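For reference, the structure discussed in these notes is given below.
The values are calculated or read from the model by the stated rules, or taken from the named source; none is laboratory data. Worth saying up front: this structure is predicted, and the values here are computed from it rather than measured. We place every Cβ from the backbone using ideal geometry, glycine too, and count neighbours over all the protein chains shown. Heavy atoms of the whole protein, side chains included, go into the accessibility calculation; ligands, DNA and RNA do not. Shrake-Rupley method; radii C 1.70, N 1.55, O 1.52, S 1.80 Å.
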Amino acid sequence: MKTLKNQLVYDNCRNCKSKCEHAGKDREFICRGGISCKVTYAPEDAEKAAKVFIAAIKEIAAKPENLENLKNYLTFHFAEWLNKYAGTPEGMAEEMTQFAKMDI
């Protein structure tokens, strides 16, 4: 976040986890009242999501059918999947867990 000499405060959407259309993009915005609306992840939240994600990867790696199912699904729906279901660390961890637990 940077402040200009006229006291306008600017921030960048790059590391924001909000659901707005600008989140995650390299775009500056003016903070109303000098307070940023950017939402970022606490390290402990990211660590928790990472643990769930890695556990799901380990499980899916032991199930070739599930891994193939994930590959086939993402071949046709990757962008939509990221936007709708896996746009956050928690969402991605949950989605990978669901693919790992499927009975195929």
How many residues of the range 41-52 are at pLDDT below 95 and either open to solvent by 80 Å² or more (accessible area, probe 1.4 Å) or of a type in the set (Phe, Trp, Tyr) (or both)? The answer is 5
By residue number, the members of the range 73-104 that are without any contact (Cβ under 8 Å) to a residue 24 or more places away in the chain, open to solvent by less than 70 Å² (accessible area, probe 1.4 Å) and either part of a helix (DSSP H, G or I) or among the β-branched types (Val, Ile, Thr) (or both) are 74, 79, 81, 82, 91, 95
